[in-house]
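A quick write-up on the structure given underneath.
The values are calculated or read from the model by the stated rules, or taken from the named source; none is laboratory data. Remember, predicted model here, so these are calculated numbers, not experimental data. Cβ: placed from backbone, ideal geometry, glycine included. Neighbour counts: every protein chain shown.
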Amino acid sequence: MTRPGAAHALVIGAGLAGAAACAALARRGWRLTLVDAAAGPAQGASALPVGMLSPHVTRAPTPLSRLSTLGMATTLAELQRLLPQGQGWQACEVDNLGHDPGRWPAAMVRPAALVQAWLDEAAQNTALDCLWHTPVQALAPSAAGWQALDAQGRCVAEAPVAVVAAAFGSHTLLAGPAGCMDPDALPLRPVKGQMSLAAQHGAPLAERPQRDNGVFVPLYEDAGLPPEWPARIWAMGSTYERGENSTHLSDLAHERNAASLDTVCPAAAQGLRQALQQGELRGWAQVRCASLDRLPLVGAVPDGDALKARMAAAGARRGRVPLAEVPRRPGLYLLAALGSRGLTLAAWCANQLAAGMAGESTTAVDEDLLRAIDPARFAWKQARRQ
């Protein structure tokens, strides 16, 4: 139950990022208003039929590999806590081919199942008001905090605190009245991904999932898949088309998946091409959001005008102004740019965001890792150079 006088947050976006934020805030007693343009949760990139939760393996640790290690453990614990195996996820191993080969623990996951589980839990823990079919075109500060505005400039929702978790749509929202300096201060990029899949009628063509340029899932079984999909599927993908902001299916993208599959499982690549020729191949495409450095943006949104004034006051010493001193927009937060690793990163990033919003200590996390995901990092670097 919500505590009397509990803090109230507006969350924009009901995919993995937004649902994870709702769950993390609800556990801390926040009252929530969730807004999305779709008819329900997980209608964008989080509607992927099956995704792979697996480590990001590198020869030497990088910020992304470190985040992935933390994130995978967090997400796996969430799956085990909220969903029975076979009802939205299945533990497995994945063969990592090509660079840094090896066999790693993993899980095949239907993201929408986890999104729904998070929202169900949030509704049990607090007051959760979901506004569907509610596109948000702009954010604006108000006396009460932040307003979400529709295309006609009407307020559709308002709260003292706002969390923008709208994937690539976050760029439009934060480049408006919310003001993040200019587009270079928030370099978000669309990345289209197309998956190729079909019904799995016989024995799978590999013992376990295979990863190289994309992931081949030889068999995924889930009675909770949408009715338009078979309950037993194989899948390959997805493509990674930088700068592409469309969801149309293309035979060219299917062929890209087939070409990637040639190096992973030639028999499966042949089956993909045959299914395409026979009209039996299905596809799924959506747009993900990535940052310029491919790391997520998690935390308080910078105040562009105040940052310019802060740097001007610093004069020749502007290069020594630390990131922690970047002014922020009061009550405005961002959780975006999870790229193709939303399953891995959403839960851990949402926990960090909620902890910061609640004023909890983050000393358990290395400071350099928190700086690496700070939404102000691009604005800060830009201001230091000017």
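Restricted to segment 56-90, and to residues that are in a loop (DSSP other than H, G, I, E, B) and hydroxyl-bearing (Ser, Thr, Tyr), which residue is modelled with the highest pLDDT? Within segment 56-90, the match that is modelled with the highest pLDDT is Thr62.
Yes/no matrix, rows are residues, columns are (1) part of a strand (DSSP E or B); (2) outside the structural domain of Ala347 (by TED's automatic domain parsing); (3) out of contact with any helix residue (DSSP H, G or I) (no Cβ under 6 Å at 6 or more places or on another chain); (4) exposed (fewer than 14 other Cβ atoms within 10 Å of the Cβ):
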| site | (1), (2), (3), (4) |
| --- | --- |
| Val94 | yes, yes, yes, no |
| Trp104 | yes, yes, yes, no |
| Ala122 | no, no, no, no |
| Thr134 | no, no, yes, no |
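Between Ala290, Ala350, Ala312, the distinction of being of a type in the set (Gly, Ala, Ser) and modelled with pLDDT under 95 belongs to Ala312 only. Could you tell me whether Gly88 is of a type outside the set (A, V, I, L, M), in contact with an Asp or Glu (Cβ under 9 Å, 6 or more places away or on another chain) and not assigned by TED's automatic domain parsing to the domain that holds Ser170? Here the answer is yes, as Gly88 does meet what is asked.
Of all residue pairs spaced 6 or more apart or on separate chains, those with beta-carbon atoms under 6 Å, a first member in segment 153-175 that is touching a residue at least 12 places away in the same chain (Cβ under 8 Å) and assigned to a loop (DSSP other than H, G, I, E, B) and a second member that is surrounded by fewer than 18 Cβ atoms within 10 Å (Cβ to Cβ) and of a type outside the set (Val, Ile, Thr) are Pro160/Gly145.
Here Leu219 meets each of (1) within 24 Å of the chain's Cα centre (by Cα); (2) of a type outside the set (Gly, Ala, Ser); (3) part of a strand (DSSP E or B) with one exception, condition (1). Every listed requirement among (1) modelled with pLDDT of 95 or more; (2) part of a strand (DSSP E or B); (3) among the aliphatic types (A, V, I, L, M) is met by Leu139 save one, (1).
When Ala253, Ala313, Ala267, Ala306 are checked against the criterion of being within 26 Å of Ala372 (Cβ to Cβ), hydrophobic (A, V, I, L, M, F, W, C) and in a helix (DSSP H, G or I), a single residue qualifies: Ala306.
Every residue, every condition in (1) in contact (Cβ under 8 Å) with a residue 40 or more places away in the chain; (2) loosely packed, with under 13 Cβ neighbours inside 10 Å, yes or no:
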residue	(1), (2)
Pro204	no, no
Glu207	no, yes
Arg232	no, no
Gly243	yes, yes
His254	yes, no
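Would you point out the residue of segment 141-152, among those that are without any contact (Cβ under 8 Å) to a residue 60 or more places away in the chain and crowded, with 17+ Cβ neighbours inside 10 Å, that is farthest from Ala45 (Cα to Cα)? Residue satisfying both the conditions and the ranking: Gln147. When the residues of segment 353-386 are filtered to those that are in contact with a strand residue (DSSP E or B) (Cβ under 8 Å, 6 or more places away or on another chain) and among the small types (Gly, Ala, Ser), the one that is modelled with the lowest pLDDT is Ala379.
Based on what the data block shows, is Asp129 part of a strand (DSSP E or B) and on the phi < 0 side of the Ramachandran plot?
Details: part of a strand (DSSP E or B): yes; on the phi < 0 side of the Ramachandran plot: yes.
Criteria met by Asp129.
Given the condition within 13 Å of the chain's Cα centre (by Cα), surrounded by 17 or more Cβ atoms within 10 Å (Cβ to Cβ) and not in a helix (DSSP H, G or I), answer yes or no: does some residue in segment 341-362 qualify? Working first, answer last.
Step one: list which residues in segment 341-362 are within 13 Å of the chain's Cα centre (by Cα), which gives 341-350.
From the residues that got through so far, the ones that are surrounded by 17 or more Cβ atoms within 10 Å (Cβ to Cβ) too are 341-350.
Okay, now just the ones that are also not in a helix (DSSP H, G or I), so 341.
Yes, because at least one residue in segment 341-362 is within 13 Å of the chain's Cα centre (by Cα), surrounded by 17 or more Cβ atoms within 10 Å (Cβ to Cβ) and not in a helix (DSSP H, G or I).
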